[in-house]
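Enquirer: Take this structure, written in structure tokens, and hold onto it; I'll ask about it next.
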Amino acid sequence: MVQWTSAVGAPQLARLLASQRAATAADAGHRVPAYRSLADGVRLLVLEGRIPVAARLPAERELAAALRVSRTTVAAAFEALRSDGFLASRRGSGSWTAVPAGKPLPTRGLEPLPPESAGSVIDLACATFLAPEPHLTDAFQGAVSDLAPYTDTHGNYPGGLPALREALAARYTARGVPTMPEQIMVTTGAMGAVAALARQLVPRSERVAVEHPSYANVLHLLRDAGARLVPVPMADGLTGWDLPAWRQAFRESAPRMAYVIADYHNPTGALAPDGQRREMVAAARAAGTVLVADESMTDLTLDEDVELPRPMAAFDPGGSCVITVGSVSKAVWAGLRIGWVRAAPEVIRSLVAARVYADLGSPVLEQLAVARLMTGDGWEAAVAARRAGARANRDALVSELHDRLPDWEFTVPSGGLTLWARTGGLSGSRIAEAGERIGVRVPAGTRFGVDGAFEGYVRLLFTVAGPVVGEAVARLAKAADLVRTGAVADGDVPRTYVA
Ligand SMILES: Cc1ncc(COP(=O)(O)O)c(C=O)c1O
């Protein structure tokens with residue numbers, strides 16, 4: 001009986017393992033037996049979701065040849081993986097990857113921790129904040145009093161409540177991009193917006209160009225939708241996009257869609273300046289590519305002296321090229337699950353028509369609450385508090401990193417929620433794994449890349465505050481030490497912290 005569902009070739013596995021080694025040249029200070037380091041490498045590839053579970057591995061002889069090691073080394077590594085629960089074998093069917101019972105299935109997205117686990121693990125993986133109070137509760141109380149006219153209807157508004165569409169359109173108009181309510185569809189967060197666009201615009205096997213690195217969950221969503229990703233490198237530092245590389249990608253791959261985060265890019269924090277925006281829109285239009293601009297981070301300017309460039313849509317007055325995605329998750333609260341798409345009216349009409357086959361619309365009360373926030377002064381107050389908090393957290397994180405991990409390199413972004421750190425030659429995947437064992441959850445750089453890129457990075461967040469920042473970085477430093485020395489985490493590291 002065949003137990004595996006896909007196969008990983010020997011050259012592919014050798015390439016993935018080599019990318020880990022390239023990033024971990026600095027771990028070479030300690031000696032680990034060759035079979036152990038091979039087993040660890042495969043285990044990490046499985047845990048990071050870079051090779052699927054139930055994927056058939058190459059035969060020992062083939063893998064030994066591809067890796068230029070002895071067959072005994074591969075046999076010992078397979079044996080170690082089998083005894084750790086990461087490999088299953090059957091005579092005649094070969095060996096396939098597995099995860100030990102009780103361990104969650106790996107995914108390349110960033111799954112939120114269950115809320116009840118807060119307090120034992122410091123979560124530097126999910127870019128979300130607690131709700132801004134009292135503004136959120138005030139908005140919901142107002143929303144309850146606004147509810148009456150809607151209770152006389154069936155309550156399904158696939159395009160969104162008129163009141164919220166109007167409030168969102170007015171916000172764009174105030175930002176210099178004249179917008180009518182018919183150009184807005186309210187969605188279930190920005191993720192719901194990207195999912196709707198992928199369904200509508202990207203038939204299976206079509207190409208989608210993405211910044212490289214890019215937001216992990218959108219990469220995962222696009223892959224799942226059957227898109228072929230065309231990764232385009234970011235420019236060095238936080239200077240935005242490498243436009244010659246984008247023009248080349250448009251020319252050579254003719255992608256159907258490009259997904260970009262111009263405002264405080266996740267994960268690097270880059271902010272694309274006006275000139276680049278203009279050129280990017282022109283290049284996409286010339287290639288016939290729809291440019292999806294994710295503005296989830298737009299409200300999170302942290303440095304006072306930064307003037308936010310014009311929205312991407314401002315460079316596409318005819319509305320034929322740029323589609324904007326937005327959300328209240330970062331500026332206000334992810335628990336609202338309210339996002340939106342801004343596009344030409346005919347695009348919105350077809351998205352709304354297709355919504356009938358998806359989730360039919362977003363909850364009425366949440367939409368009323370967001371409309372209340374946006375039309376009263378709750379929004380400005382909530383966002384100002386959010387910015388002040390994120391700024392203080394960023395500054396504390398940067399200072400702790402300088403103190404405790406001086407060989408980590410990063411550029412401090414002027415906004416957003418993310419810091420993209422090069423981990424001093426250590427493997428980000430190994431740091432993530434060691435961190436998980438000692439109570440700090442941090443995503444490895446590979447989650448933000450295509451095909452295993454960014455092994456030498458992790459992404460950090462400006463979401464933890466006060467003394468927890470010091471504790472988080474202390475645990476990261478400890479995780480880095482464990483990786484550097486090849487030691488296993490001892491059991492006496494505190495698993496709780498005082499917030
Ligand atoms: C760029 C970007 N887009 C979308 C999302 C998800 O947003 P939402 O919670 O609105 O679905 C995130 C969350 O981290 C993000 O950083």
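Enquirer: Just wondering, is there one or more residues in the range 278-296 that are out of contact with any Lys or Arg (no Cβ under 9 Å at 6 or more places or on another chain), in a loop (DSSP other than H, G, I, E, B) and more than 10 Å from the ligand (Cβ to nearest atom)?
Expert: Checked against the condition, which is being out of contact with any Lys or Arg (no Cβ under 9 Å at 6 or more places or on another chain), in a loop (DSSP other than H, G, I, E, B) and more than 10 Å from the ligand (Cβ to nearest atom), the range 278-296 yields no hits at all.
Enquirer: Based on this model, can you work out whether P162 counts as modelled with pLDDT of 95 or more and either surrounded by 19 or more Cβ atoms within 10 Å (Cβ to Cβ) or more than 16 Å from the ligand (Cβ to nearest atom) (or both)?
Expert: Yes: the conditions hold for P162.
Enquirer: Examine the range 122-142 for a residue that is away from the ligand (no atom under 16 Å from the Cβ), under 12 Å from V364 (Cα atoms) and surrounded by 13 or more Cβ atoms within 10 Å (Cβ to Cβ), and state whether such a residue exists.
Expert: For the range 122-142, residues away from the ligand (no atom under 16 Å from the Cβ), under 12 Å from V364 (Cα atoms) and surrounded by 13 or more Cβ atoms within 10 Å (Cβ to Cβ): present.
Enquirer: Please work out if A390 is more than 16 Å from the ligand (Cβ to nearest atom) and either of a type outside the set (S, T, Y) or surrounded by 20 or more Cβ atoms within 10 Å (Cβ to Cβ) (or both).
Expert: Taking the combined requirement at face value, the residue does not satisfy it.
Enquirer: Out of the residues in the range 344-364 that are modelled with pLDDT of 95 or more and either near the ligand (Cβ under 10 Å from one of its atoms) or over 12 Å from G159 (Cα atoms) (or both), which is surrounded by the fewest Cβ atoms within 10 Å (Cβ to Cβ)?
Expert: E346
Enquirer: Which one of these is part of a helix (DSSP H, G or I), closer than 22 Å to M297 by Cβ and touching a Ser or Thr at 6+ places or on another chain (Cβ under 8 Å): A390, A381, A385, A396?
Expert: The match here is A390.
Enquirer: Just to be sure, is V464 within 16 Å of the ligand (Cβ to nearest atom), assigned to a strand (DSSP E or B) and not assigned by TED's automatic domain parsing to the domain that holds P273?
Expert: no
Enquirer: If we scan the range 261-274, do we find a residue that is modelled with pLDDT of 95 or more, farther than 21 Å from W420 by Cα and in contact with a helix residue (DSSP H, G or I) (Cβ under 6 Å, 6 or more places away or on another chain)?
Expert: There is no residue in the range 261-274 that is modelled with pLDDT of 95 or more, farther than 21 Å from W420 by Cα and in contact with a helix residue (DSSP H, G or I) (Cβ under 6 Å, 6 or more places away or on another chain).
Enquirer: Only one of (1) out of contact with any Asp or Glu (no Cβ under 6 Å at 6 or more places or on another chain); (2) crowded, with 20+ Cβ neighbours inside 10 Å; (3) under 17 Å from D138 (Cα atoms) fails for L368. Which number is that?
Expert: That leaves (1) as the condition not met.
Enquirer: Name every residue in the range 143-155 that is loosely packed, with under 12 Cβ neighbours inside 10 Å and not aliphatic (A, V, I, L, M), in order of residue number.
Expert: Within the range 143-155, S145, P149, T151, D152, T153, H154 meet the criteria.
The values are calculated or read from the model by the stated rules, or taken from the named source; none is laboratory data. From a predicted model like this one, the values you see are computed outputs, not experimental measurements. FYI the Cβ positions are ideal-geometry reconstructions off the backbone, even for glycines, and counts take in every protein chain you see.
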